[in-house]
Amino acid sequence: MATPCINKFSRLTAVVFIFSISCFQGFVYSNSATNVDSVEDFFKSGHTNNWAVLVDTSRFWFNYRHVANVLSVYRSVKRLGIPDSQIILMVADDMACNPRNPRPATVFNNANQNINVYGDDVEVDYRGYEVTVENFIRVLTGRLPPSTPRSKRLLSDERSNILVYMTGHGGDGFLKFQDAEEVSSVELADAFEQMWQKQRYHELFFMIDTCQAESMFQKFYSPNLLAVASSRVGEDSLSHHVDPALGVYVIDRYTYYALEFLETVKPGSKKTMAQFFKVCPKHHCISTVSTRTDLFKRNVTDTLLTDFFGGVRNVELLTETVSLDKIDLPPNNDLTNSCSKDSCATNENTKFTFPDQIPKVLI
Amino acid sequence: METITKKETNENEIRTHHIAALGIGILCVVIGIPLWWKTTEVYRVSLPYSDIQHLSDTKIEYLIDVDVIWATDVKKDSLFLPDLALNLNRLLEVKQHQGSTLFSIFRVAVREAEKSELLAIKKSSNVAELSGVLASDNVNKYNIIITQESSIISQPVVASNNNVFLPYNNADTSGLSAQIKHLLMDIIRESAVFKSLEAAQGLRAQRPDKDTMRSFRFHPGFDITFTLLVPEPDHVSVTWNIEHGLKAYLEPLLDSLKGYTKFSVASQILYFISLGGKPKKGDNFYYYSEQDLPHVINPLESKLGSHASNNPGLNYVVGVPLKSRSPLYILNNKGERVPSNSFISPRWGGILIYNIEGEGANVSTPQTGPISLDMHKIMEVFVTQTRLLLNIHHQWMTKEIEVLPTGSSRLHQWEIAGWLRCRCVENLVTATTTLQSLAQLLEEIKNIVINDEIGKEVESAVASIKESKLLLRNGKLEEAFLASKAAVDASELAFFHPSLLELLYFPEDQKFAIYIPLFLPISLPVLTSMFNAIKWFRQRRKVKVE
């Protein structure tokens with residue numbers, strides 16, 4: 001049942017010495033934990049909006065399961081209330097349109113084919129060869145070319161909770177992108193630090209399903225990060241089952257059990273992150289699910305799952321309104337300046353230009 | 001003889017070999033290595049690091065001009081006014097806000113009212129006329145006018161143009177100055193200024209605060225979208241005159257902030273879309289409780305469409321309930337109806353549930369025409385929400401106070417001043433922290449390229465911050481705000497510039513992997529032959545000496 005996974009990748013490991021400086025930051029504000037309680041006096045949670053960055057990094061038909069993983073998570077967070085405009089979905093290959101797919105335009109995460117996870121309203125933001133380490137880091141840090149549309153941007157603020165889900169092939173300290181390059185755990189930790197510095201998140205939950213996944217979050221040093229990984233260093237993450245009709249594995253073990261848990265969660269659910277961390281014990285996963293909570297200042301047993309996987313907004317009832325003088329509609333009803341083609345003075349002098357076809361990065 | 005020459009030529013040849021090897025070796029070391037070093041260097045314009053570091057240490061001081069005008073007929077001895085001035089100056093001395101770098105300075109002048117002013121106050125027959133007295137354009141100057149208690153001024157009256165009319169209650173100078181101080185602190189939104197400083201400094205020091213959590217941080221532009229949901233156009237046709245509503249009720253507010261931030265307003269009508277969630281049934285009405293409301297927004301959000309720009313968006317939704325679910329109310333935790341029937345979601349917008357009245361009575365009679373919604377009622381709700389979401393709304397600590405209405409949604413001068421002051425301080429702190437985190441990142445991550453453009457932006461940001469602080473200290477509020485806005489723009493541009501990432505995904509350890517296969521085959525023979533040459537020359541010198 002083991003899936004092809006890269007255990008040893010010829011990669012030079014140099015000693016990482018740069019980031020020990022800011023490690024103490026995490027403790028500085030643990031003393032503000034008492035403040036969190038008082039948020040509840042007026043709002044239910046400390047965040048006002050939710051974002052999700054869901055990344056599948058591997059291409060080719062035999063990696064069908066990674067696409068199914070990421071689309072399943074996409075479906076779950078959307079069901080729990082994060083709108084498409086706040087989900088950045090990166091899918092490295094188009095399995096639905098793969099010539100080997102016997103059921104074109106569908107992707108299933110189960111051999112029973114209950115749910116087509118590539119349903120009617122999947123909005124892929126980065127697809128195919130756009131899924132690169134550079135683009136991924138750019139999305140996280142916000143350093144995108146000016147011509148990038150809103151839907152491809154992570155426009156989070158200091159009150160955003162972000163879910164980052166990654167799946168693909170990894171090794172000790174890196175995750176492969178597109179069989180061509182890889183993101184290292186140090187780069188990822190740096191990217192999160194830059195996000196923290198610019199107040200781009202309130203709390204961030206990092207979830208990764210890959211071989212030796214734990215190594216990806218070991219280098220994290222920014223505060224308010226919570227992480228879970230499907231396997232320890234030295235372990236492989238395994239796939240769940242094969243669909244004989246497709247001839248490939250359709251989902252990974254950890255994601256399979258995580259989804260099974262998420263399916264039981266409803267938008268108003270009180271399930272906590274601590275319960276979620278117990279998902280997929282060793283006899284199910286074969287690999288050991290590993291978590292990291294030291295950077296996170298709240299207690300995971302009090303942290304709701306929907307703080308990351310859903311969008312339960314804070315609301316405030318409007319008790320009183322300002323009073324405005326009533327202004328009646330003028331009888332001639334000519335407020336709108338509406339005009340037809342002929343009656344309007346056309347300003348012919350304005351010259352329109354097309355935006356850049358290919359976004360170019362200014363160097 | 002022959003063998004000697006052979007030996008000599010042989011030695012000469014070896015000598016040439018070694019000299020050549022040494023020459024190439026030296027060439028590699030002297031020219032090659034510096035050239036390689038220079039060409040692979042990360043390009044970085046030198047930034048004013050020490051200036052950036054000092055930015056957060058320098059004080060943010062805001063100066064406020066106060067004129068206290070004595071406009072009563074009560075005769076006091078000649079020492080009364082100087083004594084009041086002295087008292088006020090002592091009370092309102094430079095104040096530091098809870099150990100932060102924020103200071104407030106008041107410049108107080110006390111004078112007697114001129115005859116014309118006295119006359120004007122006396123002439124006003126109602127409070128509304130008071131707003132015309134002492135009109136000034138200076139947003140940063142407050143006039144406290146002490147008048148006789150009369151039928152129209154029985155409690156402090158705040159007019160829209162920074163004037164406060166204070167009825168004189170025969171207090172002594174210290175009592176009066178305490179009263180004035182209290183009013184002043186309230187009208188300048190002193191606590192809000194400090195809150196925006198804290199909020200901009202990040203979560204680190206921040207105490208959670210409802211106003212800052214609810215409202216947007218300053219942004220150069222906002223997109224406002226009004227959406228009308230008509231779930232059953234086949235049963236109930238609904239329309240609204242949104243152009244009129246916007247022009248009459250919202251535009252005065254947006255005009256008040258013209259020049260400070262840009263608003264783009266759009267509206268849409270969505271058919272066959274109803275409010276999400278499942279309303280509960282009460283006696284002959286339906287309702288949402290507060291816990292249901294988050295789930296009303298979520299399903300709607302995907303239908304609202306997304307904005308084209310990257311500005312934060314304010315979404316305002318008017319929802320007409322389904323016929324089978326009306327009337328529909330929002331109940332608070334005590335089970336009472338919320339009078340406005342609307343709610344806010346922080347940093348998102350608001351939803352208003354609009355029940356079409358009298359609709360249940362004549363269900364069977366077909367509608368003659370579309371029902372037009374009452375824009376006045378709708379816009380009252382949304383103007384309030386806009387004021388809350390942009391953090392303009394003033395919360396008075398003083399209870400017994402009369403605020404003269406502006407009549408429209410136009411902002412009071414003191415509201416604009418308070419908003420500008422808060423946003424200016426917020427922007428200064430935001431720009432400073434942005435620059436400082438950029439500097440810190442550059443120190444931590446060596447691969448970041450800083451090109452000339454970013455260098456220029458950083459320098460202009462630093463200059464703008466300094467300028468803004470100077471202007472704020474001199475009481476030029478508007479100019480200070482505009483400078484702080486420029487500082488935020490420049491610093492954001494520098495921080496988020498795409499070119500910062502040119503080399504970032506090329507970690508240090510990978511450099512070795514690239515250079516070793518390149519350099520090893522070249523450097524090994526060069527170095528060994530150099531080593532041999534040196535050995536050979538040393539040996540020869542030793543032979544000669546012997």
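What to note about this one:
- Backbone geometry of region A:258-270 corresponds, through the Karplus equation with coefficients 6.51, -1.76 and 1.60 at θ = phi - 60°, to 3J(HN,Hα) couplings of 5, 5, 4, 5, 5, 4, 7, 8, 10, x, x, 5, 9 Hz, x marking Gly and Pro.
- Chain B: angle of helix B:80-91 to the longest principal axis, Cα-based, in degrees nearest 10: 40
- Region A:246-297 - Rg (one decimal) and Dmax (whole number), Cα, Å: 13.3, 45
- Excluding same-chain neighbours fewer than eight residues apart, the lysines reachable from A:Lys278 by a Cα-Cα span under 20 Å are A:Lys266, A:Lys270, A:Lys297.
- Average partner coverage of B:401-411, which counts Cβ from other chains inside 10 Å: 2
- A straight Cα-to-Cα reach below 20 Å connects B:Lys115 with the lysines B:Lys75, B:Lys76, B:Lys123, residues fewer than 8 places away in its own chain not being considered.
- Between B:Glu232 and B:Leu27, residue separation times 0.36 nm minus the direct Cα-Cα distance comes to 65.3 nm.
- Using a Förster distance of 30 Å, the FRET efficiency for B:Gln53-B:Asp452 (Cβ separation, nearest 0.05): 0.85
- A Cβ-based charge dipole, computed about the Cα centre of chain B with Lys and Arg at +1 and Asp and Glu at -1, lands at about 1580 debye.
- When the chymotrypsin sites (Phe, Trp or Tyr not before Pro) in region B:1-100 are filtered for DSSP coil states and for at most 13 other beta-carbon atoms within 10 Å of their beta-carbon, the remaining sites are B:Tyr43.
- Debye-sum result for region B:148-199 in log10 I(q)/I(0), which assumes one identical scatterer on each alpha carbon, at q = 0.26 Å⁻¹: -1.04
- Radius 15 Å from Cβ of B:Ser50, net charge of other residues (Lys, Arg +1; Asp, Glu -1): -3
- Measuring between their Cα centroids, region B:314-358 and region A:53-113 lie 37 Å from each other.
- Pairs over the 24 Å Cα-Cα cut-off, from the set B:Lys141/B:Lys258; A:Lys198/B:Lys141; B:Lys6/B:Lys544; A:Lys326/B:Lys399; B:Lys59/B:Lys195; B:Lys7/B:Lys542: A:Lys198/B:Lys141; A:Lys326/B:Lys399.
- Kirkwood analysis of the protein assembly as shown, using all unique Cα-Cα pairs, places the hydrodynamic radius at 32.0 Å.
- For B:Gly350, the residues whose modelled amide H falls within less than 5 Å of its own, excluding neighbours fewer than 5 places apart on the same chain, are B:Asn315, B:Tyr316, B:Val317, B:Ser345.
- Separation of region B:28-59 and region B:63-119, taken as the distance between their Cα centroids, equals 53 angstrom.
- Label separation (B:Asp255 vs B:Asn170): 4.6 nm, computed from points 7 Å beyond Cα along the C-beta direction.
- Placed amide H near B:Ser409: partners under 5 Å, 5+ positions off or other chain: B:Leu253
- ³J(HN,Hα), Karplus 6.51/-1.76/1.60, whole Hz, each residue of region B:338-349, x for Gly, Pro: 7, x, 7, 6, 8, 8, 10, 10, x, 6, 10, x
- Amide H contacts under 5 Å for B:Leu228: B:Gln268, B:Ile269, B:Leu270, B:Val318, restricted to partners 5 or more places along the chain or on a different chain, H placed in the peptide plane at 1.01 Å from N.
- When +1 charges are put on Lys and Arg Cβ atoms and -1 charges on Asp and Glu Cβ atoms, the dipole computed for the protein assembly as shown relative to its Cα centre reaches about 2060 debye.
- For the pair B:Ala109 and B:Asn310, label points projected 7 Å from Cα toward Cβ lie 4.6 nm apart.
- Along the axis of the charge dipole computed for region B:122-249 (Cβ charges of +1 for Lys and Arg, -1 for Asp and Glu, origin at the Cα centre), the listed residues B:Ser191, B:Phe216, B:Ala159 are led at the positive end by B:Ser191.
- Order of B:Thr398, A:Thr350, A:Thr167 - criterion: other Cβ atoms within 10 Å of each residue's Cβ, fewest first: A:Thr350, B:Thr398, A:Thr167
- Considering only A:Ala180, A:Tyr201, B:Gln436, the residue lying farthest towards the positive end of the dipole of the protein assembly as shown is A:Ala180, judged by Cα position with unit charges set on Cβ.
- The fewest-to-most ranking of A:Asp172, B:Asp137, A:Asp302 by surrounding Cβ atoms within 10 Å reads B:Asp137, A:Asp302, A:Asp172.
- Here A:Asp93, A:Asp190, A:Asp325 are placed in order of increasing Cβ neighbour count within 10 Å, fewest first, which gives A:Asp325, A:Asp93, A:Asp190.
- Extension reserve of the A:Arg127-A:Asn112 stretch, reckoned as 0.36 nm per residue once the Cα distance is removed: 2.7 nm
- Each listed q (0.18, 0.22 Å⁻¹) maps to a log10 I(q)/I(0) for region A:140-241 from the Debye sum over equal C-alpha point scatterers, namely -0.89, -1.17.
- Annotation for region B:266-360: trypsin sites (Lys or Arg not before Pro) lying in DSSP loop with at most 12 further Cβ atoms inside 10 Å of their Cβ are B:Lys334.
- Counting only alpha carbon atoms, the long axis of helix B:375-389 and the longest principal axis of chain B meet at about 40°.
- Taking 7 Å steps out from each Cα toward its Cβ at B:Glu336 and B:Ile14 produces label points 10.9 nm apart.
- Taking each DSSP H run with n ≥ 4 as -39500 (n - 2.57) and averaging over every residue of the protein assembly as shown yields -11000 deg cm²/dmol at 222 nm.
- The length gained by stretching the chain between B:Lys399 and B:Val94 to full extension, at 0.36 nm per residue less their Cα-Cα distance, is 107.2 nm.
- Between B:Leu81 and B:Glu129, the FRET efficiency from the beta-carbon distance, with R0 = 35 Å, is close to 0.85.
- Once you reduce region B:273-304 and region B:154-196 to the center of their Cα atoms, the two points are 43 Å from each other.
- Model label zone, A:Trp61; criterion: amide N under 12 Å from point 7 Å along Cα-to-beta-carbon; scope region A:214-244: none
Every number in this text was worked out from the coordinates using simple rules, so none of it is lab data. Just so it is clear, the model here is predicted, and its values are computed rather than measured. Counting neighbours? That spans all protein chains shown, and the Cβs are built from the backbone with ideal geometry, glycine included.
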